[in-house]
Every structure is written in structure tokens, then in C-alpha cells.
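Data block below; observations after.
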Amino acid sequence: SSTREQVRAAIATGDYGYRQIVVRINGQDTPWYKDDLKYFANNKFCAVLVPKVETEESVAEIAADMQKLSYPDTCRLWVMIETPRSILNVEKITLADSRLEAVVMGTSDLSNDMRVPHSVNRIGFVYDHSRTFFVLCWLGQSEKCSKCSYSMFCSYMLSIYPVANSRL
């Protein structure tokens, strides 16, 4: 069976307790993006995660695509910011659409683009995390990490930052 079918079957089990289900689809720059978005339009999960989002226009297009495919308003949008361009546009990205719930820092791709070695302490990404965190503080969305009481900037978390009107 295809990967899409496997994901749909896993979602259908409903065996996730109180966790939010977020489905990562292929990016807009791939031939599979539209098919992925169509395939999952009628499934019950909390959010769609789209990689390699670099601009506010991309966020608006994805949200419009979700609307056209009749995704319920309760299905939120998460985007991965994982390029230097997306870091520079993070405030525009976070304000682009009300469906956007979170930005996810994709440090592996960012590491490749910036030619920065990946390390456990993420020292090469201090600016990137700081910029994202400052933007979210500006938006009034700085959250505390549930594991350590530091901000979401801490290295314990997987670099998921809630944005305005978030349920996170």
C-alpha cells in the first residue's frame, strides 16, 4: 500500500489518546503536494504540516487550498521554516493566515543550507531560534515548555512554536 494509505489507516485507528494528530505532507514545490492535500481532506486530524515554507504568500496559498478542499476550520496549518529565507520572513509567515497554528523549526535542512554542523546543543542555530522566539514574543505568544519551565526556545522541545490564536 502507498504511504498515504498507511497514514490514513493509522489515523483511522483512533488509538492516540489525547494527542494531537499532525500529518506532514509533501511541500508545495513537489509534484505530490496537491495530491497529498486532496487525499487527506476528509480525514480527522488536527493539523497539516507543510515543509519548506519560505513566504507569507505560500502560507496564504496553502490555507486557500485547504479552504477549497473543504478542510474544516478546526484543521489547523503548521509550517516548517527550514531555510535562511524562511528565517528572514518569519514574522510575515506567522501573520499570513489565521489558520496557521505553529511554525516548526527544521534544523536539519537549515543546517544543510547554511553549511552549519548539526549538534545536540544547536549552537549553530542560536540566531534562527532567537529570531523566531523574538517574533513570537512580539506577537504575545511566548509559551513555557511543559518539561522544564523555560521558554519554548529551550532545546528540550522539538522547535515547535505556537503562533497567534494557537491551541498549543
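Please tell me if residue 77 is farther than 23 Å from residue 128 by Cα, open to solvent by less than 40 Å² (accessible area, probe 1.4 Å), touching a residue at least 24 places away in the same chain (Cβ under 8 Å) and in contact with a strand residue (DSSP E or B) (Cβ under 9 Å, 6 or more places away or on another chain). So residue 77 fails the test.
Before we move on, is residue 99 touching a strand residue (DSSP E or B) at 6+ places or on another chain (Cβ under 6 Å) and at pLDDT 90 or above? In short, yes.
In region 80-87, is there at least one residue being more than 14 Å from the chain's Cα centre (by Cα) and either assigned to a helix (DSSP H, G or I) or free of Cβ contacts under 8 Å to residues at least 24 places away in the same chain (or both)?
As a first pass, look at region 80-87 and keep what is more than 14 Å from the chain's Cα centre (by Cα): 84-85.
Adding the requirement that they be either assigned to a helix (DSSP H, G or I) or free of Cβ contacts under 8 Å to residues at least 24 places away in the same chain (or both) leaves 84-85.
Yes, there is a match, as at least one residue in region 80-87 is more than 14 Å from the chain's Cα centre (by Cα) and either assigned to a helix (DSSP H, G or I) or free of Cβ contacts under 8 Å to residues at least 24 places away in the same chain (or both).
May I ask you to say which residue of 130, 111, 142 is among the polar types (S, T, N, Q) and either in contact with a strand residue (DSSP E or B) (Cβ under 6 Å, 6 or more places away or on another chain) or at pLDDT 85 or above (or both)? Break it down into steps so the answer makes sense when it comes.
On the way: 130 fails: either in contact with a strand residue (DSSP E or B) (Cβ under 6 Å, 6 or more places away or on another chain) or at pLDDT 85 or above (or both); 111 fails: either in contact with a strand residue (DSSP E or B) (Cβ under 6 Å, 6 or more places away or on another chain) or at pLDDT 85 or above (or both).
It is 142.
Find the residue count for region 6-63, including only residues that are open to solvent by 30 Å² or more (accessible area, probe 1.4 Å) and in a helix (DSSP H, G or I). Residues in region 6-63 being open to solvent by 30 Å² or more (accessible area, probe 1.4 Å) and in a helix (DSSP H, G or I): 15 in total. Restricting attention to region 64-74, the residues being touching a Cys at 6+ places or on another chain (Cβ under 8 Å) and open to solvent by 20 Å² or more (accessible area, probe 1.4 Å) number 1.
For (1) within 13 Å of the chain's Cα centre (by Cα); (2) within 21 Å of residue 138 (Cβ to Cβ), each residue gets a yes or a no:
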position: 22; (1), (2): yes, no
position: 46; (1), (2): yes, no
position: 70; (1), (2): no, no
position: 104; (1), (2): yes, yes
position: 114; (1), (2): no, no
position: 124; (1), (2): no, no
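Pairs meeting the criteria (first residue in region 37-64 and within 21 Å of residue 96 (Cβ to Cβ), second residue aromatic (Phe, Trp, Tyr) and assigned to a strand (DSSP E or B), beta carbons under 8 Å, at least 6 apart or on different chains) are 47/78; 48/78; 49/78; 50/78.
The values are calculated or read from the model by the stated rules, or taken from the named source; none is laboratory data. For clarity, every value in this text was computed on a predicted model and none was experimentally measured. Using ideal geometry, Cβ is built from the backbone for each residue, glycine included, and neighbour counts are taken over all protein chains shown. Remember, those area values only see protein heavy atoms, side chains included, never the ligands or the DNA or RNA. Shrake-Rupley method; radii C 1.70, N 1.55, O 1.52, S 1.80 Å.
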